[in-house]
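A.B. asks: Let me begin by handing over the structure; questions about it come next.
The values are calculated or read from the model by the stated rules, or taken from the named source; none is laboratory data. On a predicted model such as this, the values are computed, not experimentally measured, just so you know. Reconstructed Cβ throughout: ideal geometry from the backbone, glycine too, with neighbour counts over all protein chains shown.
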Amino acid sequence: MNNYEIMIIVDPKEDLKNIEKMSKEIFKDGLIKFEKMSRTNLAYPINNSTTAHYVLLNLKTSDKEIKEYTNKTNISKTIWRQLTINLDTERAVDSLKNMKKFEEWKARKEIEKSTKIVNSNFFKNNTLKQGKK
């Protein structure tokens, strides 16, 4: 059993209760959260529509049930797009580690930059003083 997150884009004319019912039938107790995100304007038209519903599913389930859900959503005319992410194997789970590494890298770059500025100012000041003598 893995943790998954599924984002789906649904036809705005579709009743979301039907999508929720289908999700509960497939995932049963594994469905942790069914959340209607918003009705949004799309960046490009899908099926001649410029708006759609975004729905987020959080669940703990098996690969078999994910495959079944994917098959059903591919057949459905009202679910236009879907993205399934396995949160247990996704590298983004380590985002805190990556963020810490980025912050350390950024701090090193700032130190290097300030050191170069100090060194260049020191060089300029010393050459000016030497030139005046």
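A.B. asks: Out of 90, 65, which single residue is within 30 Å of residue 1 (Cβ to Cβ) and in contact (Cβ under 8 Å) with a residue 24 or more places away in the chain?
C.D. replies: Just a single option satisfies the conditions, and that option is 65.
A.B. asks: Here's a follow-up. Given the conditions (1) without any contact (Cβ under 8 Å) to a residue 40 or more places away in the chain; (2) among the β-branched types (Val, Ile, Thr); (3) over 23 Å from residue 2 (Cβ atoms), report the number of the one that residue 78 does not fulfil.
C.D. replies: (1)
A.B. asks: Select from the range 1-36 the residues that are under 10 Å from residue 57 (Cα atoms) and surrounded by fewer than 14 Cβ atoms within 10 Å (Cβ to Cβ) and list them in ascending order.
C.D. replies: Correct list: 33, 35, 36.
A.B. asks: If residue 6 satisfies every condition in (1) outside any helix (DSSP H, G or I); (2) closer than 15 Å to residue 73 by Cβ; (3) without any contact (Cβ under 8 Å) to a residue 40 or more places away in the chain but one, which is the exception?
C.D. replies: (3)
A.B. asks: Please find, within the range 19-54, the residue that is farthest from residue 71 (Cα to Cα) out of those that are free of Cβ contacts under 8 Å to residues at least 24 places away in the same chain and in a helix (DSSP H, G or I).
C.D. replies: So, considering only residues that are free of Cβ contacts under 8 Å to residues at least 24 places away in the same chain and in a helix (DSSP H, G or I), the one farthest from residue 71 (Cα to Cα) is 29.
A.B. asks: Only one of 35, 5, 68 is under 22 Å from the mean Cα position of the chain (by Cα) and modelled with pLDDT of 90 or more. Can you tell me which?
C.D. replies: Just a single option satisfies the conditions, and that option is 5.
A.B. asks: Mind checking which residues of the range 39-53 are surrounded by 10 or more Cβ atoms within 10 Å (Cβ to Cβ) and on the phi > 0 side of the Ramachandran plot?
C.D. replies: Selection gives nothing.
A.B. asks: Yes or no: the range 100-107 includes at least one residue that is of a type outside the set (Ser, Thr, Tyr), modelled with pLDDT of 80 or more and part of a strand (DSSP E or B).
C.D. replies: The answer is no; no qualifying residue exists.
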